[in-house]
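Working notes, beginning with the structure itself.
The values are calculated or read from the model by the stated rules, or taken from the named source; none is laboratory data. Since we're looking at a predicted model, the values are computed, not measured. Here the Cβ is made from the backbone with ideal geometry for all residues, glycine too, and neighbour counts use every protein chain on show.
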Amino acid sequence: MTPDGKPEGEQWNFDASNRKKWSGKPPAPAPFRVEPDAVTRDVLQLVDDHFADHFGSNDDFHFAVTHEQAQQALEHFIDFALPCFGDYQDAMSDHEDWLFHSILSPYLNTGLLDPVTTCEAVVQAWYSGRAPLNAVEGFVRQIIGWREFVRGIYWLLMPGYAQENRLGNTRALPWFYWTGDTKMRCLHKAIDASARNAYAHHIQRLMVTGNFALLTGIEPADICDWYLAVYIDAFDWVELPNTLGMVMHADGGYLGSKPYAASGKYIQRMSDHCQNCHYRVQDATGERACPFNALYWHFIDRHRDDFANNPRMTMMYRNWDKQPEQRRQAIISRGEWLLEHIEEL
Ligand SMILES: Cc1cc2nc3c(=O)[nH]c(=O)nc-3n(C[C@H](O)[C@H](O)[C@H](O)COP(=O)(O)OP(=O)(O)OC[C@H]3O[C@@H](n4cnc5c(N)ncnc54)[C@H](O)[C@@H]3O)c2cc1C
Ligand code: SF4
């Protein structure tokens, strides 16, 4: 804020400047690494001894484990990634796991870093000219606007919130969420990175693994358990509202006024996954058509009663309704087939 109470840059929100696709340039910085000391190595060995058959691997464990190391991780982020954080906040890459994200959530959630001092350090980078406003505002918005918001929702609505399933989903989570063994490149990449790093960035969680679970009607408890199991930053108070509310819209729109449902076009716009995929993102029907496309329209069609009167969804229904009847039927049949053969995708 400026001293006279106005937002810096005369705008409250720079979300529209946070949506660039990343083409490999500028190069993404290497993530901050700490080589495990003897105590950490002992703990890693214990985990290997007891949980060797669980999801993921700790072969490349390099996270900070003390406040001092977490502070260095924050400084590393400010020096090397923050300047581009805003531009590429929503980007995904076939070749790069971490992009310009801070990788600070594990430390914030375990108390190794304090959210307020973290935000203050990032804001200071704006005042000293080390980072642009769309990056600094974007980062602070994630913490104050999302992290604190979902924390409030959790403590306000639990324990009943965990039981919500307003879209009436019953499907079990496909097994490939545990193996990454799917021909859908975007999902394979997000799950594979989650297994290697215990990390996937927000757009992979929301628009790839989350979006697929939403479109296919996975039971909220199943997909919540998955997110809770696979990420290093996972704690119920932050995972649950993000998954059940933001991703699955299982709370009837309490957390978000519209579901984050998207077709393959969104993933194509924000990543280079589609060019390496078995499926064709431009197609909605046919054997090689991108599953996200027919599943998206199937979701829109089967939830007409839930969403047709939502002002933020009317354009989707208008677009759907104006397609020729024969095409709509072909897309719905393809959607049905995909749902029946979900394990084979
Ligand atoms: C389905 C789903 C499940 C999620 N589960 C968790 C979880 O268990 N624990 C967790 O910390 N985050 C969770 N998130 C939010 C977000 O994906 C992670 O906080 C983020 O990817 C962590 O990486 P980062 O530190 O590099 O984040 P950055 O992209 O660098 O963002 C900076 C910080 O903002 C905060 N933040 C950003 N988005 C959110 C959000 N939606 N909710 C809460 N905090 C946010 C985090 O503290 C993060 O460290 C989830 C999101 C989704 C869509
Ligand atoms: S074509 Fe579809 S399934 Fe393949 S990467 Fe693109 S969005 Fe994902």
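Taking helices (runs of 4 or more DSSP H) that fall entirely within the range 1-96, which contain at least 3 residues that are surrounded by fewer than 16 Cβ atoms within 10 Å (Cβ to Cβ)?
Values: elements: 38-51, 67-76, 82-85.
By residue number, 38-51, 67-76.
Residue 304 meets all of the listed conditions (1) touching a residue at least 60 places away in the same chain (Cβ under 8 Å); (2) surrounded by fewer than 16 Cβ atoms within 10 Å (Cβ to Cβ); (3) not β-branched (Val, Ile, Thr) but one, namely (1).
For the range 94-104, give me the residue count where each residue is under 14 Å from residue 199 (Cα atoms) and touching a residue at least 60 places away in the same chain (Cβ under 8 Å).
Kept after step one, since they are under 14 Å from residue 199 (Cα atoms), are these residues of the range 94-104: 96-104.
Checking which are touching a residue at least 60 places away in the same chain (Cβ under 8 Å) leaves us with 96-101, 103.
Residues meeting the conditions: 7.
Screening the range 196-235 for residues that are among the small types (Gly, Ala, Ser), part of a helix (DSSP H, G or I) and over 21 Å from residue 291 (Cβ atoms) and picking the one that is farthest from ligand 2 (Cβ to nearest atom) gives 221. The conditions of being crowded, with 16+ Cβ neighbours inside 10 Å, in contact (Cβ under 8 Å) with a residue 60 or more places away in the chain and among the small types (Gly, Ala, Ser) are not met by residue 213. For residue 131, the conditions (1) touching a helix residue (DSSP H, G or I) at 6+ places or on another chain (Cβ under 6 Å); (2) over 30 Å from residue 244 (Cβ atoms); (3) in a helix (DSSP H, G or I) all hold with the exception of (3).
Applying the criterion of being touching a residue at least 40 places away in the same chain (Cβ under 8 Å) and under 17 Å from residue 1 (Cβ atoms) to the residues of the range 136-182, the residue that is nearest to ligand 1 (Cβ to nearest atom) is 139.
Taking the listed residues 318, 312, the one that is within 18 Å of residue 259 (Cβ to Cβ) and part of a loop (DSSP other than H, G, I, E, B) is 312, with no other qualifying.
Condition first: outside the structural domain of residue 100 (by TED's automatic domain parsing), within 26 Å of residue 329 (Cβ to Cβ), in contact (Cβ under 8 Å) with a residue 12 or more places away in the chain and polar (S, T, N, Q). Can you find one or more residues in the range 246-257 that meet it? No; the residues of the range 246-257 include none that is outside the structural domain of residue 100 (by TED's automatic domain parsing), within 26 Å of residue 329 (Cβ to Cβ), in contact (Cβ under 8 Å) with a residue 12 or more places away in the chain and polar (S, T, N, Q).
Of all residues assigned to the range 77-93, at least one qualifies as being acidic (Asp, Glu), within 21 Å of the chain's Cα centre (by Cα), within 16 Å of ligand 2 (Cβ to nearest atom) and under 27 Å from residue 207 (Cα atoms).
Which residue out of 198, 234, 190 is free of Cβ contacts under 8 Å to residues at least 12 places away in the same chain and under 26 Å from residue 103 (Cα atoms)?
Answer to the check: 234.
Within the range 252-294, the set of residues being within 16 Å of ligand 1 (Cβ to nearest atom), crowded, with 18+ Cβ neighbours inside 10 Å and either assigned to a loop (DSSP other than H, G, I, E, B) or of a type in the set (A, V, I, L, M) (or both) comprises 255, 259, 261, 262, 267, 270, 271.
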